[in-house]
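Below is one structure, written out as structure tokens; comments come after it.
The values are calculated or read from the model by the stated rules, or taken from the named source; none is laboratory data. Everything quoted here is computed from the prediction, not taken from an experiment. Cβ coordinates were reconstructed from backbone atoms using ideal geometry, including for glycine residues, and neighbour counts include every protein chain displayed. Just so you know, the surface numbers come from the protein's heavy atoms only, side chains and all, with ligands and any DNA or RNA stripped out. Shrake-Rupley method; radii C 1.70, N 1.55, O 1.52, S 1.80 Å.
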Amino acid sequence: MLDNFFNFKENGTDFKTEIIAGITTFLAMAYILGVNPTMLADGGMPATGVFFATALASGIACIIMGLVSKYPVGLAPGMGLNALFTYTIILTMGNTWEAALAAVFISSIIFLLITISGLREAILNIIPVDLKLAIGAGIGMFLAFIGLKGAGIIVDDPSTLIAMGSLTAAPALLALIGVLITLILFVRKVPAAVFLGLVITAILGLIFTAFGYGTGDMLMPSLPAEVISTNIDTSLFFGFASGFGQLFSNIPNLIMMVFSLVFVTFFDTTGTLISLGRQCGFIDEDGKAQNIEKAFLSDAVGGIIGSMIGTSTVTAYVESATGIGLGGRTGLTAIVTGILFILSIFFAPLVLSLFTSPVTAAALVIVGILMIVQLKDVDWDNIVVVAPVFMTIIMMLLTYSISLGIAWGFVTYAVATIATGKWKEMSWGIWVLVIVFLIYLFFGL
């Protein structure tokens, strides 16, 4: 029955291979179970509730992906999207987490409509490629900065705004060791390197405190009172429903929030799914990935479900390439990954006690390194391109806001293009975005 549904023979795989691939993909993605609660808790959300929402939403989204599109792709709350959700929408813009979840709900519906209507290709052609690369790289740096700051490696300084913290402090030293260990594992191409790096770092943290180094510091990992618990925190369930009041009380703010979420989700998902589809060999004679629209549909539905359960935007994970690399070629891989995410719900005490900020810093830094690699495709010989790329990245970091970085990038691109006398080549879509971003930069929301 499974063979008939997933076409194992046609895809050059079998039941055993799909199971192993699904387990591998889960292990490669499992770090999000520790990272997401840590990040969203900074926005005032209960970590236990975020953990449950993360595990359940990821599990459901993976299973939908496997059944609908039959792609061997895992989904979970996106790295970068969780930073946008917490540090830009909640902390910088001053919204409640309920309003932020409502924005995720609306943006996911818009993404669904874009997918169904076939507008994806048209939108892809509006935004300059180099700006897309700059935004991805900027988010990567932003994630790394968040990780280093949360661990105390980077600290506030009244004279220089930021400075390096004391590396002899237990949280900072643990984070530094974790980054180095995870980097070594990744360079050595160890499967699930990021997850293994988190586990090893957490164990080292426990050893630190056992010998009295860092004892009593809330940032250090600790042994949980229980490993498995059936006491599930559902406090975030349908929390988005109470956020619509604030969301629609400030329409310019609503537009910027939803636009930022749709923008980042759209290009992150497009790049990920097309890349994974190519790796699976799903490209047809016309160069298009087979069933790619069903994969986008599954991704959009996953985002809607995630917002309803209580987490930032759920999206496809490039870490799925690990399972694909082991031969995963059908939706059964994604279903196995989803089942493991759902089972992880009962391990909340263990994960939340071990995966503290110094431990998760390694994952944020490594993901940042991977995201900055895309800058290699930027046209570095063209100042019209280099200027907005630079401004996007540096302003994203210095303003501590992803949307402000995007705004600076678009405005700089427009100014540089006009200066060359090629303003007629700018699409109407770019003009609209530039006007909106100028209002955003000068008058706020």
For this session: Give a residue-ordered list of calculated ³J(HN,Hα) values for the stretch 136-151 (Karplus: 6.51 cos²θ - 1.76 cosθ + 1.60, θ = phi - 60°; whole Hz; x for Gly, Pro).
Result: x, 5, x, 5, x, 5, 4, 4, 4, 4, 4, x, 5, 5, x, 8
For this session: Might you tell me the accessible area per residue for the chain, computed with a 1.4 Å probe and given in Å²?
Result: 42
Seminar exercise, completed: Scoring the stretch 259-357 by relative contact order with C-alpha pairs under 8 Å, at least six apart, yields a percentage of 24
Exercise. Once the Cα gyration tensor of the stretch 47-102 is diagonalised, what are the square roots of 5 times its eigenvalues, in whole Å and ordered largest first, as equivalent ellipsoid semi-axes?
Worked result: 26, 12, 9
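Given DSSP loops and a limit of at most 10 other Cβ atoms within 10 Å, what is the longest stretch of the chain that contains no such trypsin sites (Lys or Arg not before Pro)?
Details: sites that count: LYS9, ARG188, LYS189.
Within the chain, the longest run free of exposed trypsin sites (Lys or Arg not before Pro) spans 190-445.
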Problem set entry | Kirkwood Rh in Å, taken over all unlike Cα pairs in the stretch 250-380 | 17.4
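Relative contact order for the chain: what is it in percent, counting Cα pairs under 8 Å that are at least 6 residues apart? It would help to have the intermediate numbers written out before the result.
Details: 830 pairs, mean separation 156.8, N = 445.
Averaging sequence separation for qualifying contacts and normalising by length gives 35 percent for the chain.
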Problem set entry | Over the stretch 185-314 - Rg/Rh using Cα atoms and the Kirkwood inverse-distance radius | 1.10
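Rounded to the nearest 0.05, what FRET efficiency do LEU113 and SER229 give with R0 = 35 Å and r taken as the Cβ-Cβ distance? Could you check?
Working: r = 39 Å, r/R0 = 1.12.
For R0 = 35 Å, the calculated efficiency reads 0.35.
With N residues in the stretch 313-373, what two-decimal value do you get for its Cα radius of gyration over 2.2 N^0.38 Å? Walk me through the intermediate numbers first.
On the way: Rg = 14.3 Å, N = 61, 2.2 N^0.38 = 10.5 Å.
Ratio of Cα Rg to 2.2 N^0.38 Å: 1.36.
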For this session: Return the subset of LYS132/LYS422; LYS70/LYS149; LYS9/LYS376 for which the Cα-Cα distance in this structure is over 28 Å, preserving the input order.
Result: LYS70/LYS149; LYS9/LYS376
For this session: With θ set to phi - 60°, apply the Karplus curve 6.51 cos²θ - 1.76 cosθ + 1.60 along the stretch 208-223 and write out the HN-Hα couplings as whole Hz, x wherever there is a Gly or Pro.
Result: 3, 5, 5, 9, x, 9, x, 4, x, 7, 5, 6, 7, x, 9, 6
Exercise. Can you give the calculated 222 nm mean residue ellipticity of the chain, where each DSSP H run of n ≥ 4 adds -39,500 (n - 2.57) and the sum is split over every residue, rounded to the nearest 500 deg cm²/dmol?
Worked result: -20500 deg cm²/dmol
Exercise. Do you know the relative contact order of the stretch 1-150, to the nearest whole percent, from alpha carbon pairs under 8 angstrom that are 6+ apart?
Worked result: 17
Seminar exercise, completed: Mean Cβ-within-10 Å packing, highest first, puts peptides 103-113, 426-436 in the order 103-113, 426-436
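Using a 1.4 Å probe over the heavy atoms of the protein chains, calculate the carbon and sulfur portion of the accessible area of the chain as a whole percent. Please report the intermediate quantities before stating the final value.
Values: 12810 of 18490 Å².
Its accessible area is 69 percent carbon and sulfur atoms.
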Exercise. What is the Cα centroid distance between the stretch 169-184 and the stretch 350-387, reported in whole angstrom?
Worked result: 16
For this session: Report the full-extension gain for the segment ARG278 to ALA419: residue separation times 0.36 nm, less the Cα-Cα distance, to one decimal in nm.
Result: 46.9 nm
For this session: Place a label point 7 angstrom from the Cα of PHE237 along the Cα-to-Cβ direction, then list the residues of the stretch 298-314 whose backbone nitrogen is under 11 Å away.
Result: 309
Problem set entry | Average silhouette area of the stretch 32-136, convex hull of alpha-carbon atoms, in square nanometres | 7.7
